[in-house]
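The values are calculated or read from the model by the stated rules, or taken from the named source; none is laboratory data. Everything numeric in this text was worked out from a predicted model, so none of it was measured. For neighbour counting, all protein chains shown are included, and Cβ atoms are generated from backbone atoms with ideal geometry for every residue, glycine included. Just the protein is used for accessible areas: all its heavy atoms, side chains included, with ligands, DNA and RNA removed. Shrake-Rupley method; radii C 1.70, N 1.55, O 1.52, S 1.80 Å.
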Amino acid sequence: MALLTGAQALVQSLKNNDIRTLFGLPGVQLDHVFEALYQERSSIRVINSRHEQGVAYMAYGYAESSGQLGAFMVVPGPGILNAATAICTAQASNAPVLALTGQISTRNIGRGLGILHELRDQAGVFATLTKHQAFAGHPAQVPQAVDAAIRAAISGRCGPALFEVPDDVTVARGEVSLLPAAAREPDPEPDPALVDRAAKLLEGAKRPAFFVGGGAFGAERELQALAERLQAPVIMTRHGRGAVSDRHYLAQTLLGGHALWPEVDVVVAAGTRFLEGGEWWGLDAGIRTIRIDLDPFQAEKPAPAHVKLITGAAQGLAALNAAVGGAARASRREELEAVKRAALAKLSTLAPQRAYSDAIRAALPEEAIVVADITQIGFYTWCGFPIYSPRSLIYPGYQDSLGYGYATSLGVKVAHPERPVVAICGDGGFMFTMPELATAMQHGINAIAIVFNDGGYGNVRRTQRLQFAEHYIGCDLKNPDFPALAKSFGALALRADSPEQLGARLKEAMAANAPALIECPVGPMPAWQAVMPRERARKGP
């Protein structure tokens with residue numbers, strides 16, 4: 001037991017949970033917490049931003065790229081609401097993010113007096129966006145509340161969790177029992193009888209396949225071992241890219257997967273919502289599905305599976321590998337490499353996107369991490385940008401949160417200071433978190449922003465041109481001189497007028513090892529939607 005204020009109890013709990021970086025913005029309900037952080041400044045690095053959305057996205061980038069807990073802290077009311085889009089993004093990506101916020105004094109909660117930063121039922125507002133909502137009404141409750149929030153964030157199907165502490169609790173002093181680091185709850189072991197049933201399906205399959213999302217990260221070895229035994233292609237969603245290196249002939253993007261789908265007779269869907277295969281491409285009597293998922297609810301969506309293993313991807317795939325018998329199968333290398341070539345050929349209609357994407361890939365070392373914002377080149381990366389390792393291509397989940405990219409890249413770089421980190425942005429999206437250039441400079445976060453500038457919201461403009469007789473409204477943008485803007489912050493400012501120049505400028509930025517912005521002026525680009533594999537691929541119902 002120790003005599004601590006609520007603020008000290010919170011900071012010590014973060015420290016005990018090995019949180020060494022906290023993205024945060026101070027404010028009145030958090031004054032005493034930030035004083036406690038000052039006292040522990042040698043143990044916990046505080047990175048402040050220019051907007052609450054910024055610190056929340058940074059925590060998201062930290063978590064999504066590392067698989068470890070990312071934490072941020074903002075004031076209640078408008079502060080936590082400003083962070084809501086990033087929390088929503090973390091939920092969509094199953095990213096373990098701890099959202100720490102203050103609260104008005106305990107005696108005033110729920111009274112509706114109009115207290116500064118008061119929000120009616122703050123926890124209720126975030127109940128649909130977070131896995132758990134924790135509250136500490138006394139210093140002694142802080143460690144247990146923090147522990148519960150972190151356990152929820154990192155256990156099972158990961159996701160964001162909320163922690164609230166009133167300002168009077170941060171000041172109050174009491175006897176506090178600190179706790180050790182919260183541990184991830186063990187994933188359930190797969191049912192042996194169901195494993196045997198799934199193994200029998202795979203043994204009898206002539207054209208098996210795997211379909212994986214981000215939930216397969218951490219199971220790369222088990223996945224590749226079983227896929228090689230079965231000579232089964234591994235179809236990766238954009239969130240699962242890197243589960244198998246694109247250098248492997250079994251690795252397929254959604255484009256290759258769509259081409260293969262009509263002949264697949266057994267599919268193992270692991271760590272994925274299975275939207276494309278299970279909903280868009282179609283399931284019929286000719287295909288059997290095996291689901292591996294930690295979430296029993298998700299394992300039933302979008303369609304019931306023939307075998308459902310409620311377990312982690314690593315446990316489920318390892319169990320299947322041990323149970324599957326049969327002779328070694330003939331290699332499908334030639335066939336599947338041809339599928340990969342055909343998929344890339346289909347992307348050739350997106351010539352400008354392909355040229356810039358290829359230039360970025362050629363300039364970057366293999367270990368680089370790319371954060372793809374919602375922009376034309378970003379869309380191309382879904383299927384056209386080679387990825388060689390997990391968590392090296394970051395997306396905003398199914399929310400497609402426009403403008404998330406630059407701030408998120410700063411969190412990625414903090415988590416991986418030794419690896420090049422590049423944000424692919426459009427001019428519209430970049431301006432959402434543009435002020436975080438100041439954060440990058442202040443804290444020495446050497447991420448690189450590539451800003452493709454077409455003077456508007458390109459998707460909207462194209463839609464209004466093609467579907468609404470060029471009735472342009474709300475899609476054109478008045479932009480700053482982006483290199484001059486970056487230079488005013490003290491960042492390295494560059495411009496590239498071609499894919500070849502972009503490759504050279506990107507190498508220059510990496511060599512400088514400083515916050516950098518590269519502007520690429522571009523014109524309208526062809527519609528990426530036309531080549532995305534969303535149409536039905538099977539004939540059945």
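Between Leu477 and Asp196, what FRET efficiency follows from the Cβ-Cβ distance if R0 is 51 Å, with the result rounded to 0.05? Once the sixth-power term is evaluated, E becomes 0.30. Taking all protein chains into account, the per residue accessible area for the chain stands at 39 Å² (1.4 Å probe). Using alpha carbons only, the radius of gyration of region 1-115 set against its Kirkwood radius gives Rg/Rh = 0.98. Per-residue packing, averaged as other Cβ atoms within 10 Å, sorts the ranges 430-436, 114-120 into the order 430-436, 114-120, beginning with the highest.
Per residue and in cubic angstrom, what volume does the convex hull of the Cα atoms of region 63-129 have?
Each residue corresponds to 77 Å³ of Cα convex hull volume.
Would you please put 384-392, 122-130 in order of how densely packed they are, using the mean number of other Cβ atoms within 10 angstrom per residue and starting with the highest?
Ranked from most to least packed, the peptides come out as 384-392, 122-130.
For the residue pairs Lys301/Lys539; Lys206/Lys340; Lys346/Lys413; Lys131/Lys301, the alpha carbons lie more than 24 Å apart in Lys346/Lys413. Give, as ranges by residue number, the residues of region 131-169 whose backbone N falls under 17 Å from the point 7 Å along Cα→Cβ of Val28. Residues passing the 17 Å test: 165-169. Principal semi-axes of the equivalent ellipsoid, √(5λ) from the alpha carbon gyration tensor of region 470-516, are 27, 16, 7 Å from largest down. Spin-label model, Lys206 to Arg157: label points 7 Å out along the Cα-to-beta-carbon direction sit 3.5 nm apart. Per-residue extension of 0.36 nm, minus the Cα-Cα distance of Gln144 and Arg419, leaves a gain of 95.4 nm for this segment. Each Lys or Arg adds one and each Asp or Glu takes one away; over the other residues whose Cβ falls under 15 Å from the Cβ of Gly286, this sums to +3. Between Glu508 and Arg465, take the C-beta separation as r, use R0 = 45 Å, and let me know the FRET efficiency to the nearest 0.05. It comes out at approximately 0.80.
If the chain linking Asp187 and Ala84 were pulled fully straight, counting 0.36 nm for each residue of separation and taking away their Cα-Cα distance, it would gain 34.2 nm. When Rg and Dmax of the Cα atoms in Å is calculated directly from the model, which label among [x] 26.0, 91; [y] 32.3, 98; [z] 24.2, 73 fits? Comparing each candidate, only [z] matches the computed number. For the chain, the carbon plus sulfur part of the accessible surface works out to 53%, probe radius 1.4 Å.
In this simple spin-label approximation, Glu335 and Asp400 carry label points 7 Å from Cα along the Cα→Cβ vector, and these lie 3.3 nm apart.
Packing, as the average of other Cβ atoms within 10 Å across residues, places the peptides 38-47, 196-205 in the order 196-205, 38-47, highest first. Of Cys158, Cys475, the order by accessible heavy-atom surface (1.4 Å probe, DNA, RNA and ligands excluded), from most exposed downward, is Cys158, Cys475. Once the C-beta distance of Ala285 and Glu535 is scaled by a Förster radius of 30 Å, the resulting FRET efficiency is 0.90 to the nearest 0.05.
Other residues whose C-beta falls under 10 angstrom from the C-beta of Arg273 contribute a net charge of -3, scoring Lys and Arg +1 and Asp and Glu -1. Give me the percent of Cα-Cα pairs in region 329-430 that sit more than 20 Å apart, rounded to a whole number. When all Cα pairs of region 329-430 are counted, 44 percent exceed 20 Å. Multiplying the residue separation of Asp497 and Ala322 by 0.36 nm and subtracting their alpha-carbon distance yields 57.6 nm. The alpha carbons of region 196-269 occupy a box of 28, 26, 19 Å along the principal axes, longest dimension given first. For Cys425, what is the net charge nearby, where nearby means another residue's Cβ is under 11 Å from its Cβ and Lys, Arg count +1, Asp, Glu -1? Neighbourhood net charge equals -3.
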